[in-house]
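The values are calculated or read from the model by the stated rules, or taken from the named source; none is laboratory data. On a predicted model such as this, the values are computed, not experimentally measured, just so you know. When we count neighbours, we look across all protein chains shown, and the Cβ atoms used for this are built from the backbone with ideal geometry, even at glycine.
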Amino acid sequence: MAADLGARGTARATTHNPHPATAKAPLVLSGANVVMPTGTLKDAQVIVDGTRIADTASENAHRIDLTGHWLVPGFVDIHNHGGGGASFTSGTPDDVVKGIHTHRLHGTTTLVASTVTGDMDFLTQRAGLLSELAEQGDIAGIHFEGPFISPCRKGAHSEELLRDPDPAEVRKLIDAARGRATMVTLATELPGGLDSVRLLAEHGVIAAIGHTDASYEQTVEAIEAGATVATHLFNAMPPLGHREPGPIAALLEDERVTVELINDGTHLHPAALGLAFRHAGADRVAFITDAMDAAGFGDGRYMLGPLEVEVADGVARLVEGGSIAGSTLTLDRAFKRAVTIDRLPVEDAVAALSANPARLLGRYDRIGSLEPGKDADLVLLDSDFDLKGVMRRGEWVVEPQLG
C-alpha cells in the first residue's frame, strides 16, 4: 500500500490494493531471538517464501542478518476504533483503510474494526461498509461495542442511544454484517441479555461482557449462556469488592473467558494488570488498543460517534464529563510497556498480543505464531523492544531499520 505523510507526519494510505504483490521469495531472516510457541530460540532464523513462513530455503535465498534483534508474530488487535485521524465508526472506506494502515505501521497485522454506540439504522449501514473491507481481507471482522450496554457504565457512549439487547435487534446487526460480525459487547444483565448471548453463540459470534453493572452471579450466568470475552477488564464495570465481587472475579476465574486489557498506563495500574495475569494466566489475556482516531496522529479535538473528545498528552477524554474515551495506544507501545515496565516475560507478551487473540478469532492455523505454513506476519524489534520492521503476508509494511 503506497503512503504519503499527512499533516501531522502520519502515513496516510493513497492507494488500496487488497491483493498486494508478495515479497521476492525466499527470504531468510537470521540471527534474531525468535519467539516461538515453545519458547524463545536464540540466534535463530525465520524463512519467508511468498506470503508464508517456510521451513527450508534454497541456497540462493536473500539473507538479512538480524543479530541482536527480536522477531515476534504480527500483532492481533480485536478491539480498535480507528487511528491516523480516521474513525472506523464514521469514516469513509478510504478513511478506514488509512486507519488500518496506521496500525500496521505499528505492528498490527490483523485488526478487528470496532464501532461505538449509534442508532440501529446507522450501525447496520456501517456493518455493510465494514463487511466489504472484511471480504477484501483488510480487516478480520467487525466488533459492535454498544448500543446494548448499561447506562450506569456507559463510558464514552451516548446515553440517549443506548438500548436493551433485544435478540431481534442483535440479529439485525449480525445479518447486516453478512457473516463478518466477530464480536458484540453487551451488558448481559439487561433485559434480553442472556437470550442475546445465546443467539450470538449459536451464530458463531463472540459475546463479550462489557460496559456492565452486573453482579458476580449475573456474570456467571452469562458465561454459562455462552459469553467468552471480558471487554477491557476492570474498565466500565463495578470494581472488585470483598462482599460483592462483581463481574471482575467471575471473569477472571472462569477458564472459558479471554480478558481484554488496555496496557497504556492510563486505563490500568500495573498491579491490576499483574492481578489479571496471575489469576487468568498468560493464555487467557488479550492486549487491545481500544484506539480512537487520535492513535498515531496527535493531540486535539476529535469525534467519537456523536461525542466530542479532547486528546491531551496522548490521553483521550470526553469534552463533556471527562470520561476516558478509548485510547491513543498502538500495540508496539503495549508490547514494550509489558516487557520493560510490567516486567512480563517476552513470551507472555507475545501470547497476549498475537497467539491468544488469534485463537479467539479462530485463525491460529494462519496467524499468531511464526510456525512454518502460517502467514508471514511478523514484527522486528531491537534490543530495547522498539519497532524496527513490520511484515504482513510476506510484504514489508515497514522496511527493516538496522542502522
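Brief remarks on what is shown
- Apart from one condition, ASP4 fits all of (1) of a type in the set (D, E, K, R); (2) buried (at least 19 other Cβ atoms within 10 Å of the Cβ); (3) at pLDDT below 50; the exception is (2).
- The condition of being on the phi > 0 side of the Ramachandran plot and at pLDDT below 50 holds for only one of GLY31, GLY9, that being GLY9.
- Within region 134-177, the residues that satisfy the criterion of being surrounded by 23 or more Cβ atoms within 10 Å (Cβ to Cβ), within 17 Å of HIS79 (Cβ to Cβ) and not small (Gly, Ala, Ser) are ILE139, ILE142, HIS143, PHE144, GLU145, PRO147, PHE148, ILE149, HIS157.
- Of all residues making up region 210-236, the number that are free of Cβ contacts under 8 Å to residues at least 60 places away in the same chain and under 19 Å from ILE78 (Cα atoms): 5
Residue-wise test of (1) crowded, with 19+ Cβ neighbours inside 10 Å; (2) in contact with a strand residue (DSSP E or B) (Cβ under 6 Å, 6 or more places away or on another chain); (3) not assigned by TED's automatic domain parsing to the domain that holds LEU41.
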{"site": "ALA351", "(1), (2), (3)": "yes, no, yes"}
{"site": "SER354", "(1), (2), (3)": "yes, yes, yes"}
{"site": "LEU370", "(1), (2), (3)": "yes, yes, no"}
{"site": "GLY373", "(1), (2), (3)": "no, no, no"}
{"site": "VAL379", "(1), (2), (3)": "yes, yes, no"}
{"site": "ASP382", "(1), (2), (3)": "no, yes, no"}
{"site": "GLY389", "(1), (2), (3)": "yes, yes, no"}
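- Filter result for the condition that a residue is touching a Leu at 6+ places or on another chain (Cβ under 6 Å) and charged (D, E, K, R), over ASP77, ASP65, ASP94: ASP77
- Tally of residues being at pLDDT 90 or above and farther than 11 Å from ASP293 by Cα across region 318-335: 6
- Any hit, region 294-311, residues being among the β-branched types (Val, Ile, Thr), surrounded by fewer than 18 Cβ atoms within 10 Å (Cβ to Cβ), assigned by TED's automatic domain parsing to the domain that holds GLY91 and in contact (Cβ under 8 Å) with a residue 60 or more places away in the chain: no
- Hey, ALA113 in contact with a helix residue (DSSP H, G or I) (Cβ under 8 Å, 6 or more places away or on another chain), surrounded by 24 or more Cβ atoms within 10 Å (Cβ to Cβ) and under 16 Å from ALA176 (Cβ atoms) or not: yes
- The set of residues in region 190-229 that are assigned to a loop (DSSP other than H, G, I, E, B) and buried (at least 21 other Cβ atoms within 10 Å of the Cβ) comprises LEU190, VAL205, GLY210, HIS211, THR212, ALA214, ALA227.
- In the set ASP164, ASP65, only one residue is among the acidic types (Asp, Glu), over 22 Å from the mean Cα position of the chain (by Cα) and not assigned by TED's automatic domain parsing to the domain that holds ILE262; that residue is ASP65.
- Some residue of region 181-188 being surrounded by fewer than 22 Cβ atoms within 10 Å (Cβ to Cβ) and either within 22 Å of PRO306 (Cα to Cα) or assigned by TED's automatic domain parsing to the domain that holds PRO306 (or both): no
- Check on PRO73, touching a helix residue (DSSP H, G or I) at 6+ places or on another chain (Cβ under 9 Å) and at pLDDT 95 or above: yes
- Among helices (runs of 4 or more DSSP H) entirely within region 266-373, having at least 3 residues that are within 23 Å of PRO239 (Cα to Cα) singles out 270-280.
- Within region 243-265, tally of residues that are within 22 Å of the chain's Cα centre (by Cα), under 15 Å from VAL220 (Cα atoms) and not in a helix (DSSP H, G or I): 6
- One residue stands out among those in region 391-403 that are in a strand (DSSP E or B) and among the aliphatic types (A, V, I, L, M): the one that is surrounded by the most Cβ atoms within 10 Å (Cβ to Cβ), which is MET391.
- Any hit, region 62-70, residues being farther than 15 Å from PRO26 by Cα and in a strand (DSSP E or B): yes
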